[in-house]
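The values are calculated or read from the model by the stated rules, or taken from the named source; none is laboratory data. Computed from a predicted model, the values in this text were never measured in an experiment. All Cβ positions, glycine included, derive from the backbone under ideal geometry; neighbour counts span all protein chains shown.
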Amino acid sequence: MSVDSVDPDDVDAADILGSAIERREDPALLTGDAEYTDDIQLPRMTHMAVKRSQHAHAAIEGVDTSAAEAMDDVVAVYTAEDIDVDADGDVTGLF
């Protein structure tokens, strides 16, 4: 019985609960053939890193980005001043 051929009306939950059921993604995951987002490489692809405050609820008076900006492979450096943040602190304008 494949996953695609199961009619929900034909399945009794008591027959499934506590049983090992092979999912359609299992063979790829178990054999190392699955593709994860970390495996994807695209032309001109960049990566993003987020540096958060080490102190919860601290008032940040300034951010020195000069070391990050001086790195050869850094494409851009953003701080809170560069993005829109709503009243709840959610980022709304970066992406």
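For the range 55-81, taking the residues that are of a type in the set (S, T, Y) and farther than 18 Å from V91 by Cα, the one that is surrounded by the fewest Cβ atoms within 10 Å (Cβ to Cβ) is identified as S66. On inspection, E69 passes the criterion of being of a type outside the set (A, V, I, L, M) and not in a loop (DSSP other than H, G, I, E, B). Remark: pairs (first residue in the range 77-92, without any contact (Cβ under 8 Å) to a residue 12 or more places away in the chain and over 15 Å from D64 (Cβ atoms); second residue surrounded by 10 or more Cβ atoms within 10 Å (Cβ to Cβ) and of a type in the set (S, T, N, Q); Cβ separation under 6 Å; 6+ apart in sequence or on different chains) = D84/T92; D86/T92.
Of all residues in the range 35-51, none satisfies being in contact with a Pro (Cβ under 8 Å, 6 or more places away or on another chain) and either outside any helix (DSSP H, G or I) or hydroxyl-bearing (S, T, Y) (or both).
Filtering the range 36-80 to residues that are out of contact with any helix residue (DSSP H, G or I) (no Cβ under 9 Å at 6 or more places or on another chain) and β-branched (V, I, T) leaves T37, I40, T46, V50, T65, V75, T79.
Considering the range 12-27, the residues that are assigned to a helix (DSSP H, G or I) and out of contact with any Asp or Glu (no Cβ under 8 Å at 6 or more places or on another chain) include one that is surrounded by the most Cβ atoms within 10 Å (Cβ to Cβ), namely D26. Tell me, which residue of the range 39-54 that is at pLDDT below 90 and loosely packed, with under 10 Cβ neighbours inside 10 Å is farthest from E69 (Cα to Cα)? If we take residues in the range 39-54 being at pLDDT below 90 and loosely packed, with under 10 Cβ neighbours inside 10 Å, then Q54 is farthest from E69 (Cα to Cα).
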